[in-house]
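Take a look at the structure set out below.
The values are calculated or read from the model by the stated rules, or taken from the named source; none is laboratory data. Fair warning: this is a prediction, and the values are worked out from it, not measured in the lab. Don't worry about glycine lacking a Cβ; one is built from the backbone with ideal geometry, like all the others, and counts go over all protein chains shown.
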Amino acid sequence: MKLSIPSIGRAWAFENGHYAVVVVEAGNVPIDPTAYRELPTRHGVGLYQWSDGASTLSYSDAGKRIWIAGNIKQEDSQRFANRLPEVTSAFFPLRSQSGN
């Protein structure tokens with residue numbers, strides 16, 4: 001499901017009956033890095049947080065802030081981020097055509 005939220009940007013929701021993940025493309029708003037810990041992604045350094053059974057990972061890409069949030073573990077958040085194409089890709093947030 002894709003949503004357009006004027007004040008945020010675009011958002012997509014994915015679920016499989018057990019896990020739910022939301023990907024949000026927003027403006028590259030500054031965030032407080034002290035509330036997160038660094039986690040490497042193929043897009044550069046991401047900022048990760050775990051709270052109340054849910055994870056949040058964000059990173060910057062082409063002047064946008066990408067957020068990945070859901071009831072998934074750190075390694076799954078990182079794997080999910082690493083499989084996303086660049087935000088400028090026509091396939092974002094789906095996996096790239098090459099299956100990266």
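List of remarks:
- All strands (runs of 3 or more DSSP E) inside the range 9-94 with 3 or more residues being surrounded by 14 or more Cβ atoms within 10 Å (Cβ to Cβ): 9-15, 20-27, 44-51, 54-61, 64-70
- In the set ALA62, ALA54, ALA69, only one residue is touching a strand residue (DSSP E or B) at 6+ places or on another chain (Cβ under 9 Å), hydrophobic (A, V, I, L, M, F, W, C) and at pLDDT 90 or above; that residue is ALA69.
- For the range 6-39, the tally of residues that are closer than 16 Å to GLN74 by Cβ and in contact (Cβ under 8 Å) with a residue 12 or more places away in the chain stands at 6.
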